[in-house]
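Some notes on the structure that comes next.
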Amino acid sequence: MGESDGSLRQYRLQAVDAGRVSALFRHAPASLVVTFIVAAITVAVLSAALPLRSLATWFAAVILILAVRLALVLRYRRQAGGIEPRTWENWYTLGAAAQGAPWSVLPFVFAPSAFEYDVFIAFVIGGMALGAVGMLGASRRAFLVFATPMLLAQAGAFLWQGGTLHTAMGALSLVLLAALARIHRDLNGALVQNIQRGADNERLLAEQRGLLDAATVGIAFVKDDRVVDCNPEFERILGRTRTELMEQSSLTWFPDEAAW
(Lines give C-alpha, C1' and ligand atoms only; values in the text may rest on other atoms or scores of the structure.)
Protein backbone atom coordinates (compact mmCIF):
# COMPACT_ATOMS: atom_id res chain seq x y z
CA MET A 1 0.00 0.00 0.00
CA GLY A 2 2.84 2.39 0.93
CA GLU A 3 4.58 1.83 -2.39
CA SER A 4 1.30 2.36 -4.24
CA ASP A 5 0.62 5.58 -2.32
CA GLY A 6 4.12 6.82 -3.09
CA SER A 7 3.65 6.06 -6.77
CA LEU A 8 0.35 7.93 -6.79
CA ARG A 9 1.90 10.96 -5.08
CA GLN A 10 4.76 10.98 -7.57
CA TYR A 11 2.29 10.73 -10.46
CA ARG A 12 0.30 13.65 -9.05
CA LEU A 13 3.41 15.80 -8.56
CA GLN A 14 4.55 15.19 -12.11
CA ALA A 15 1.08 15.87 -13.49
CA VAL A 16 0.76 19.09 -11.47
CA ASP A 17 4.18 20.36 -12.56
CA ALA A 18 3.46 19.59 -16.21
CA GLY A 19 -0.01 21.15 -16.01
CA ARG A 20 1.22 24.32 -14.30
CA VAL A 21 4.04 24.82 -16.79
CA SER A 22 1.67 24.20 -19.69
CA ALA A 23 -0.65 26.90 -18.33
CA LEU A 24 2.24 29.33 -17.91
CA PHE A 25 3.39 29.00 -21.49
CA ARG A 26 -0.17 28.96 -22.82
CA HIS A 27 -0.78 32.42 -21.35
CA ALA A 28 2.68 33.74 -22.21
CA PRO A 29 1.95 35.10 -25.74
CA ALA A 30 -0.92 37.26 -24.47
CA SER A 31 1.23 38.45 -21.59
CA LEU A 32 4.03 39.48 -23.94
CA VAL A 33 1.64 41.40 -26.20
CA VAL A 34 0.04 43.22 -23.26
CA THR A 35 3.46 44.13 -21.86
CA PHE A 36 4.55 45.59 -25.20
CA ILE A 37 1.36 47.66 -25.53
CA VAL A 38 1.55 48.99 -21.96
CA ALA A 39 5.23 49.87 -22.39
CA ALA A 40 4.52 51.75 -25.64
CA ILE A 41 1.69 53.72 -24.00
CA THR A 42 3.92 54.49 -21.01
CA VAL A 43 6.64 55.90 -23.27
CA ALA A 44 4.11 57.96 -25.21
CA VAL A 45 2.67 59.50 -22.02
CA LEU A 46 5.96 60.14 -20.24
CA SER A 47 7.66 61.57 -23.34
CA ALA A 48 5.99 64.90 -22.53
CA ALA A 49 7.84 65.13 -19.21
CA LEU A 50 11.02 63.02 -19.52
CA PRO A 51 14.10 62.93 -21.81
CA LEU A 52 13.39 60.91 -24.93
CA ARG A 53 16.81 59.24 -24.82
CA SER A 54 16.17 57.83 -21.35
CA LEU A 55 12.73 56.58 -22.35
CA ALA A 56 14.15 55.02 -25.52
CA THR A 57 16.77 53.15 -23.47
CA TRP A 58 14.12 51.92 -21.07
CA PHE A 59 11.83 50.83 -23.92
CA ALA A 60 14.71 49.04 -25.67
CA ALA A 61 15.37 47.06 -22.49
CA VAL A 62 11.70 46.05 -22.32
CA ILE A 63 11.75 44.93 -25.98
CA LEU A 64 14.97 42.95 -25.52
CA ILE A 65 13.55 41.04 -22.55
CA LEU A 66 10.31 40.42 -24.45
CA ALA A 67 12.30 38.98 -27.36
CA VAL A 68 14.21 36.60 -25.08
CA ARG A 69 10.99 35.46 -23.42
CA LEU A 70 9.34 34.93 -26.80
CA ALA A 71 12.29 32.75 -27.82
CA LEU A 72 11.74 30.69 -24.67
CA VAL A 73 8.04 30.25 -25.50
CA LEU A 74 8.90 29.08 -29.02
CA ARG A 75 11.47 26.66 -27.66
CA TYR A 76 8.93 25.25 -25.21
CA ARG A 77 6.52 24.59 -28.06
CA ARG A 78 9.20 22.60 -29.86
CA GLN A 79 10.71 20.75 -26.89
CA ALA A 80 8.08 20.71 -24.14
CA GLY A 81 8.41 16.98 -23.47
CA GLY A 82 12.19 16.86 -23.68
CA ILE A 83 12.94 18.91 -20.55
CA GLU A 84 11.68 18.55 -16.98
CA PRO A 85 8.72 20.85 -16.15
CA ARG A 86 10.56 22.28 -13.13
CA THR A 87 13.41 23.38 -15.40
CA TRP A 88 10.95 25.13 -17.72
CA GLU A 89 9.40 26.86 -14.70
CA ASN A 90 12.84 28.00 -13.50
CA TRP A 91 13.57 29.56 -16.89
CA TYR A 92 10.13 31.15 -17.02
CA THR A 93 10.55 32.55 -13.51
CA LEU A 94 13.90 34.04 -14.48
CA GLY A 95 12.25 35.68 -17.49
CA ALA A 96 9.42 37.04 -15.31
CA ALA A 97 11.94 38.54 -12.89
CA ALA A 98 13.83 40.16 -15.77
CA GLN A 99 10.57 41.50 -17.24
CA GLY A 100 9.62 43.08 -13.94
CA ALA A 101 12.97 44.84 -13.54
CA PRO A 102 12.29 47.76 -15.95
CA TRP A 103 8.98 48.47 -14.22
CA SER A 104 10.69 48.37 -10.82
CA VAL A 105 13.11 51.16 -11.74
CA LEU A 106 10.41 53.31 -13.32
CA PRO A 107 9.17 55.03 -10.11
CA PHE A 108 12.71 56.14 -9.15
CA VAL A 109 14.59 56.71 -12.39
CA PHE A 110 11.77 58.41 -14.28
CA ALA A 111 9.90 60.08 -11.43
CA PRO A 112 8.53 63.30 -12.98
CA SER A 113 7.92 66.36 -10.87
CA ALA A 114 4.21 66.57 -11.74
CA PHE A 115 1.98 64.59 -9.39
CA GLU A 116 -0.26 63.34 -12.22
CA TYR A 117 2.69 61.49 -13.75
CA ASP A 118 3.43 59.87 -10.40
CA VAL A 119 -0.15 58.67 -10.31
CA PHE A 120 0.08 57.43 -13.90
CA ILE A 121 3.19 55.36 -13.14
CA ALA A 122 1.53 53.95 -10.01
CA PHE A 123 -1.56 53.05 -12.04
CA VAL A 124 0.55 51.29 -14.68
CA ILE A 125 2.55 49.30 -12.14
CA GLY A 126 -0.57 48.36 -10.18
CA GLY A 127 -2.26 47.25 -13.38
CA MET A 128 0.71 45.15 -14.43
CA ALA A 129 0.80 43.45 -11.02
CA LEU A 130 -2.95 42.88 -11.09
CA GLY A 131 -2.81 41.34 -14.56
CA ALA A 132 0.02 39.06 -13.45
CA VAL A 133 -2.29 37.44 -10.90
CA GLY A 134 -4.07 35.69 -13.76
CA MET A 135 -1.28 35.45 -16.33
CA LEU A 136 1.13 33.95 -13.80
CA GLY A 137 -1.50 32.12 -11.78
CA ALA A 138 0.21 28.77 -12.37
CA SER A 139 3.45 29.71 -10.59
CA ARG A 140 3.86 31.31 -7.19
CA ARG A 141 7.53 32.02 -7.79
CA ALA A 142 7.02 33.64 -11.19
CA PHE A 143 4.33 35.94 -9.82
CA LEU A 144 6.24 36.95 -6.71
CA VAL A 145 9.51 37.76 -8.50
CA PHE A 146 7.58 39.79 -11.08
CA ALA A 147 5.11 41.73 -8.94
CA THR A 148 6.87 42.13 -5.58
CA PRO A 149 9.87 44.25 -6.68
CA MET A 150 7.78 46.67 -8.73
CA LEU A 151 5.20 47.25 -6.02
CA LEU A 152 7.87 47.59 -3.33
CA ALA A 153 9.69 50.08 -5.56
CA GLN A 154 6.49 52.02 -6.08
CA ALA A 155 5.80 52.08 -2.35
CA GLY A 156 9.38 53.13 -1.65
CA ALA A 157 9.22 55.95 -4.19
CA PHE A 158 6.10 57.39 -2.60
CA LEU A 159 7.46 57.08 0.93
CA TRP A 160 10.77 58.64 -0.14
CA GLN A 161 8.97 61.73 -1.48
CA GLY A 162 7.33 62.22 1.91
CA GLY A 163 4.21 64.16 2.75
CA THR A 164 0.86 62.92 3.91
CA LEU A 165 -0.51 62.07 0.47
CA HIS A 166 2.62 60.29 -0.81
CA THR A 167 2.96 58.37 2.45
CA ALA A 168 -0.65 57.22 2.19
CA MET A 169 -0.13 56.12 -1.42
CA GLY A 170 3.01 54.25 -0.44
CA ALA A 171 1.08 52.42 2.27
CA LEU A 172 -1.68 51.59 -0.21
CA SER A 173 0.93 50.12 -2.57
CA LEU A 174 2.01 47.75 0.21
CA VAL A 175 -1.61 46.85 0.95
CA LEU A 176 -2.13 46.12 -2.75
CA LEU A 177 0.92 43.83 -2.77
CA ALA A 178 -0.37 41.88 0.24
CA ALA A 179 -3.85 41.58 -1.27
CA LEU A 180 -2.57 40.41 -4.65
CA ALA A 181 -0.24 37.88 -3.03
CA ARG A 182 -3.18 36.40 -1.10
CA ILE A 183 -5.44 36.31 -4.16
CA HIS A 184 -2.70 34.68 -6.21
CA ARG A 185 -2.12 32.06 -3.52
CA ASP A 186 -5.80 31.10 -3.56
CA LEU A 187 -5.94 31.09 -7.37
CA ASN A 188 -2.82 28.97 -7.58
CA GLY A 189 -4.21 26.51 -5.03
CA ALA A 190 -7.45 26.13 -6.99
CA LEU A 191 -5.51 25.57 -10.21
CA VAL A 192 -3.35 22.89 -8.60
CA GLN A 193 -6.44 21.12 -7.26
CA ASN A 194 -8.05 21.13 -10.71
CA ILE A 195 -4.91 19.67 -12.25
CA GLN A 196 -4.79 16.99 -9.56
CA ARG A 197 -8.42 16.05 -10.17
CA GLY A 198 -7.78 15.85 -13.90
CA ALA A 199 -4.72 13.67 -13.33
CA ASP A 200 -6.68 11.37 -10.99
CA ASN A 201 -9.49 11.08 -13.53
CA GLU A 202 -7.05 10.27 -16.34
CA ARG A 203 -5.36 7.63 -14.19
CA LEU A 204 -8.72 6.10 -13.25
CA LEU A 205 -9.86 6.06 -16.87
CA ALA A 206 -6.60 4.42 -17.92
CA GLU A 207 -7.07 1.72 -15.26
CA GLN A 208 -10.67 1.15 -16.32
CA ARG A 209 -9.58 0.98 -19.95
CA GLY A 210 -6.98 -1.63 -19.04
CA LEU A 211 -9.57 -3.75 -17.23
CA LEU A 212 -12.00 -3.40 -20.12
CA ASP A 213 -9.43 -4.38 -22.71
CA ALA A 214 -8.28 -7.38 -20.64
CA ALA A 215 -11.82 -8.79 -20.17
CA THR A 216 -12.40 -12.21 -21.72
CA VAL A 217 -16.05 -11.44 -22.53
CA GLY A 218 -17.33 -9.03 -25.11
CA ILE A 219 -18.38 -5.71 -23.59
CA ALA A 220 -20.01 -2.77 -25.35
CA PHE A 221 -21.43 0.48 -24.05
CA VAL A 222 -24.56 1.55 -25.89
CA LYS A 223 -26.46 4.82 -25.78
CA ASP A 224 -29.67 5.28 -27.77
CA ASP A 225 -28.99 1.91 -29.47
CA ARG A 226 -25.59 3.14 -30.72
CA VAL A 227 -22.13 1.96 -29.66
CA VAL A 228 -20.06 4.51 -27.76
CA ASP A 229 -17.29 2.12 -26.68
CA CYS A 230 -16.34 -1.54 -26.69
CA ASN A 231 -13.45 -3.87 -25.85
CA PRO A 232 -11.23 -6.02 -28.12
CA GLU A 233 -13.18 -9.19 -27.34
CA PHE A 234 -16.38 -7.55 -28.58
CA GLU A 235 -14.56 -6.57 -31.77
CA ARG A 236 -13.44 -10.18 -32.22
CA ILE A 237 -16.94 -11.55 -31.70
CA LEU A 238 -18.47 -9.27 -34.34
CA GLY A 239 -15.48 -9.30 -36.64
CA ARG A 240 -15.36 -5.51 -36.79
CA THR A 241 -13.03 -2.88 -35.39
CA ARG A 242 -14.01 -0.44 -32.69
CA THR A 243 -13.85 2.38 -35.23
CA GLU A 244 -16.32 0.57 -37.49
CA LEU A 245 -18.69 -0.12 -34.59
CA MET A 246 -18.66 3.39 -33.13
CA GLU A 247 -21.99 5.20 -33.51
CA GLN A 248 -23.51 2.25 -35.37
CA SER A 249 -26.96 1.04 -34.41
CA SER A 250 -27.11 -2.26 -32.51
CA LEU A 251 -29.38 -3.40 -35.35
CA THR A 252 -26.26 -4.02 -37.45
CA TRP A 253 -25.15 -6.78 -35.07
CA PHE A 254 -28.02 -9.01 -36.21
CA PRO A 255 -28.91 -10.53 -39.58
CA ASP A 256 -32.28 -8.75 -39.73
CA GLU A 257 -34.68 -6.58 -37.72
CA ALA A 258 -36.70 -9.54 -36.51
CA ALA A 259 -33.63 -11.12 -34.95
CA TRP A 260 -32.73 -7.77 -33.39
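The values are calculated or read from the model by the stated rules, or taken from the named source; none is laboratory data. In this text the structure is predicted, and so the values were computed from the model without any measurement. Counting neighbours? That spans all protein chains shown, and the Cβs are built from the backbone with ideal geometry, glycine included. Just so you know, the surface numbers come from the protein's heavy atoms only, side chains and all, with ligands and any DNA or RNA stripped out. Shrake-Rupley method; radii C 1.70, N 1.55, O 1.52, S 1.80 Å.
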Helix 2-46 axis, angle to the chain major axis (alpha carbon atoms, nearest 10°): 40
The chain: C-alpha pair distances exceeding 25 Å, %: 60
Mean separation of Cα contacts under 8 Å (6+ apart) over length of the chain, as relative contact order %: 17
Max mean-square fluctuation residue, GNM over the chain, Cα-Cα springs under 10 Å, options 128, 246, 150: 246
Tail weight of P(r) past 21 Å, computed on alpha-carbon pairs of the stretch 93-170, percent: 26
Farthest toward positive dipole pole in the chain [+1 Lys/Arg, -1 Asp/Glu at C-beta], among 195, 237, 94: 94
For residue 230, residues with placed amide H under 5 Å, excluding near neighbours: 221
Probe 1.4 Å, accessible area per residue of the chain, Å²: 56
Accessible surface of the chain [probe 1.4 Å, protein heavy atoms]: carbon and sulfur percent: 64
Helix-only CD estimate at 222 nm, as mean residue ellipticity for the chain, using -39500 (n - 2.57) per DSSP H run (n ≥ 4): -27500 deg cm²/dmol
